[in-house]
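Report on one structure; see the data block that follows.
The values are calculated or read from the model by the stated rules, or taken from the named source; none is laboratory data. Everything numeric here is computed off the predicted structure, so don't read it as measured data. Here the Cβ is made from the backbone with ideal geometry for all residues, glycine too, and neighbour counts use every protein chain on show. Each accessible area value is taken on the protein alone, full model and side chains, heavy atoms only, with ligands, DNA and RNA left out. Shrake-Rupley method; radii C 1.70, N 1.55, O 1.52, S 1.80 Å.
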Amino acid sequence: MDQYPDAVLFDRDGTLITDVPYNGDPDRVRPMPGARDVLRLLRAHGVRTGVVTNQSGIGRGLLTRAQVDAVNARVEALLGRFGTWQVCPHHPDDGCACRKPAPTMILDACEALGARPERTYFIGDIEADVKAALAAGVTPILVPTPVTLPDEVDRAPHTAPDLRSALAMVL
């Protein structure tokens, strides 16, 4: 099975599900186009999956951890189980070690999944995702959305127009 990566990690908002800023309502969770199929195919090939997400709404006092956990549970109900969830609950000004673009959550996800960073991909929608992946030694794939800045796209080492195209780069 060495032709497949050990793991593929995903950003949550704007990558796996449509981005609803500071969403604490599971009923507002909508999968991104292709997300179900991409995850089904990865899992069918034995590729481990995980989610790495900044959730500063907790640190900002806009969401509770329980609300974020409920949204994450809804993501799994719609898209299947992930091998690990790495969530940074901190405010951007907290100076924590986990918030992307720091590599900590990606490295923790690799460890939790038993995945080698050099055989892992991280798919996200903004430059913080790319920077975190590069710092962790995993391969980033940027899947831009309307909020992704054009120069972030230009700087990304690998881009794909959508999740299905990103999957083709991974498998």
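Pop out the ³J(HN,Hα) list for the stretch 46-51 in order, Karplus 6.51 cos²θ - 1.76 cosθ + 1.60 with θ = phi - 60°, rounded to Hz; leave Gly and Pro as x.
Going residue by residue, I get x, 7, 6, 10, x, 10 Hz, with x marking Gly and Pro.
Which of these values of Cα extents along the principal axes in Å was calculated from the structure shown: [x] 44, 32, 31; [y] 52, 34, 26; [z] 48, 33, 24?
Label [x] holds the value from this structure.
Could you compute the net charge surrounding residue 15? Neighbours are other residues with a C-beta less than 10 Å from the C-beta of residue 15; K and R count +1, D and E count -1. Don't jump to the answer; show the numbers that get you there.
Values: positive: 12; negative: 11, 13, 19, 125, 129.
Computed value for this residue: -4.
Calculate one ³J(HN,Hα) per residue across the stretch 134-148 by plugging θ = phi - 60° into the Karplus curve 6.51 cos²θ - 1.76 cosθ + 1.60, and present them in order as whole Hz with x for glycine and proline.
Running phi through 6.51 cos²θ - 1.76 cosθ + 1.60 with θ = phi - 60° gives 4, 5, 8, x, 9, 8, x, 10, 8, 10, x, 10, x, 8, 6 Hz.
Mind grabbing the accessible area of residue 118 for me, 1.4 Å probe, Å², rounded to tens?
130
Which Cys residues of the chain have no other Cys Cβ less than 4.7 Å away and so no disulfide-compatible partner by this rule?
96, 110
Taking only Cα atoms and a 10 Å spring cutoff, compute GNM fluctuations for the chain and point out the largest among 90, 158, 45.
Of 90, 158, 45, the most mobile in the Gaussian network model is 45.
Whenever you get a sec, compute what percent of the accessible area on the chain sits on carbon and sulfur atoms (1.4 Å probe).
52
Using 0.36 nm per residue, how much length does the chain from residue 165 to residue 112 gain when fully extended, once their Cα-Cα distance is taken away?
16.4 nm
Take the stretch 6-46, drop everything but the C-alpha atoms, weight them equally and run the Debye formula without solvent; then report log10 I(q)/I(0) at 0.14, 0.21, 0.23, 0.32 Å⁻¹ to two decimals.
Calculated log10 I(q)/I(0) at the listed q: -0.36, -0.70, -0.79, -1.12.
Given Cα pairs under 8 Å that are at least 6 residues apart, what percent is the relative contact order of the chain?
25
Once you've got the GNM for the chain with C-alpha springs shorter than 10 Å, pick whichever of 102, 160, 44 has the biggest mean-square fluctuation.
Of 102, 160, 44, the most mobile in the Gaussian network model is 44.
Over the stretch 1-95, calculate the relative contact order: mean separation of alpha carbon pairs under 8 Å at least 6 apart, over the residue count, as a percent.
35
Can you work out the Karplus-derived ³J(HN,Hα) for every residue in the stretch 15-27? Use 6.51 cos²θ - 1.76 cosθ + 1.60 with θ = phi - 60°, whole Hz, and x for glycine or proline.
10, 8, 10, 4, 7, 10, x, 6, 6, x, 10, x, 5
Dipole magnitude of the chain about its Cα centre, charges +1 at Lys/Arg Cβ and -1 at Asp/Glu Cβ only, in debye to the nearest 20? Write out the running numbers ahead of the final one.
Numbers: 18 positive and 22 negative charges, 95 e Å.
Roughly 460 debye, rounded to the nearest 20.
Just add up the charged neighbours of residue 58: K/R +1, D/E -1, any other residue whose Cβ is under 13 Å from the Cβ of residue 58.
Here the charged neighbours net out to +1.
Under a 5 Å amide H to amide H cut-off, with H placed in plane at 1.01 Å, what residues pair with residue 122 once short-range neighbours are removed?
HN-HN under 5 Å from residue 122: 9, 139, 141.
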